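Trainee: Got a structure here, written out as C-alpha cells. Questions coming.
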C-alpha cells in the first residue's frame, strides 16, 4: 500500500475532503436549482413528447460516463487530479448559465451534454483524490461526508428555486425559468475558484508501487460490475419521480417540496451510512440498497396519495444515499494505489452507460402503458441485482 501524508482535519475529515465536499455542495446547489424545473421545461415549454423526454434525460445522465474511465486513467498517469476537477466544474457552470439563452430542444441537449462532459471529466479524478486524502479503512466515512455535502446542495437548490419562482411569479413562465438558469451558474463558479485556490493534489504524495496485475482483472470486481450493470438498468431519472407527483395532481412547487424531502433524506443518510459501511462491510450495505431500491420503485408505482408518495421519496432518498456513496468507497478499497482513478472511473462508466437504456425503456413503458409500468420494471431489475449480489457473495449477510 502507498503511504499518505497526514494533513489537518476538520471534525475528523481531512482538509481536502472537506473542501471537495464544499465545492460539491455549491455545484449541486447550482445543478438542483434547475433540475426540478427541467422536466416541466421539456414537456410544457419546449413541447417534447414523453418518450423523447425520458430518453433525453437518460442520455444526459449517461453521456458523462463515457469520459469517466478515460479521465480517471489520464489522472492516474499524470498523478494530477486537480486540473481535471477544476475543468469539469467550469464546463458544468458555463453550461447551466447558457440554458438561459436557448429556444430549441437540440440546444438544450447540446448544453446539457456539455454539463455531463464536465461531470465526466471531473468525477473519477475527484473520487480518486478523495480516496487518496482518506485515512486507511475510512473511505466510507470520506465518501459519505462528500455525498452528504453534495446532497445538502441538492436540498438548498430546489429551495432556492422555489423562492425564485415565488419572487418571479409575476413574470411569464419562460422568462422566470431563464432567470433561474442564469443565476444557477454563480454557485458553480465559486466552487471552481475554491478548487483552484485551496484544494491540493495528492497523487505525487502516494508512494510509487510495483504495478503487477490490475484490479480490473479480479473476479470479485468483474462480478460486482456485472451486478452494477443490472442494477443500473433499473435506475430511472429523478424526472420520473416528479412526473409521478404531477400525475397525482401536485403543482410544480409541491413537486419541488417532495424533491427537497428526497434530497434531505439522501443528505443526512449518506454520512452515517458511509461510516457504518466501514464497520460492517460495504458489500452488505450495497446489497441492502438494491432491496430498498426495489421497495421504493414499487411504492412509486402504486402511490395514489400524498402520504404514500412521501414514503416513496423517503425510500428513494435512502436508496440513492447508499448507491451513490458505498460503491465508490468499495471500488476505492479494491483499487491499487496506481490505478484508483481508472478503477473508480470504470465503475462510473459501467453504471452510467446503462442508465441511458434504462430511461429509454422507462419512457417507452410510460408512453405505451403508464408510469406504473416504468416503476414496476425498475423494481424487477433491482430485485434481480439483489439476488445476484447474494449469489456472487453468499457471505453477504453472515460474515462480518
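The values are calculated or read from the model by the stated rules, or taken from the named source; none is laboratory data. What you are looking at is a predicted structure, and each value in this text was computed from that prediction instead of being measured. Every residue, glycine as well, gets a Cβ built from its backbone with ideal geometry; the counts of neighbours run over all protein chains shown.
Trainee: Pick out the one residue from 226, 295, 250 that is at pLDDT below 90, more than 28 Å from residue 133 (Cα to Cα) and more than 15 Å from the chain's Cα centre (by Cα).
Mentor: 250
Okay, residues lined up against (1) within 13 Å of residue 25 (Cα to Cα); (2) touching a helix residue (DSSP H, G or I) at 6+ places or on another chain (Cβ under 8 Å); (3) surrounded by fewer than 24 Cβ atoms within 10 Å (Cβ to Cβ):
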| site | (1), (2), (3) |
| --- | --- |
| 124 | no, yes, no |
| 154 | yes, yes, no |
| 157 | yes, yes, no |
| 161 | no, yes, no |
| 169 | no, yes, yes |
| 178 | no, yes, yes |
| 181 | no, yes, yes |
| 185 | no, yes, yes |
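Trainee: Quick one: would you say residue 87 is assigned to a helix (DSSP H, G or I) and either closer than 21 Å to residue 161 by Cα or modelled with pLDDT under 85 (or both)?
Mentor: Considered against the rule, which asks whether it is assigned to a helix (DSSP H, G or I) and either closer than 21 Å to residue 161 by Cα or modelled with pLDDT under 85 (or both), residue 87 comes out as no.
Conditions (1) touching a residue at least 24 places away in the same chain (Cβ under 8 Å); (2) in contact with a strand residue (DSSP E or B) (Cβ under 6 Å, 6 or more places away or on another chain); (3) over 23 Å from residue 283 (Cα atoms), marked per residue:
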site	(1), (2), (3)
96	yes, no, yes
105	yes, no, yes
127	yes, no, no
139	yes, no, no
143	yes, no, no
153	yes, no, yes
159	yes, no, yes
171	no, no, yes
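Trainee: Sort out which residues of the range 87-116 are closer than 24 Å to residue 17 by Cα and surrounded by 19 or more Cβ atoms within 10 Å (Cβ to Cβ), and write them in order of number.
Mentor: 88, 89, 90, 91, 92, 93, 115, 116
Trainee: A further question on this structure: When residue 378 is evaluated against the numbered criteria (1) over 24 Å from residue 152 (Cβ atoms); (2) at pLDDT below 85, which criterion, by number, is the only one it fails?
Mentor: (2)
Trainee: Are any residues in the range 137-152 surrounded by 24 or more Cβ atoms within 10 Å (Cβ to Cβ) and at pLDDT below 85, and if so, which ones?
Mentor: 151
Trainee: Further question on the same structure: Tally up the residues in the range 357-369 that are surrounded by fewer than 22 Cβ atoms within 10 Å (Cβ to Cβ) and assigned to a helix (DSSP H, G or I), please.
Mentor: Counting residues in the range 357-369 that are surrounded by fewer than 22 Cβ atoms within 10 Å (Cβ to Cβ) and assigned to a helix (DSSP H, G or I) gives 7.
Trainee: Modelled with pLDDT of 80 or more, out of contact with any helix residue (DSSP H, G or I) (no Cβ under 7 Å at 6 or more places or on another chain) and within 30 Å of residue 248 (Cβ to Cβ): which single residue out of 373, 369 fits that description?
Mentor: Criteria check complete, one pass: 369.
Trainee: Residue 202 - would you say it is crowded, with 19+ Cβ neighbours inside 10 Å and at pLDDT below 90?
Mentor: Yes; evaluated as a whole, the condition is true for this residue.
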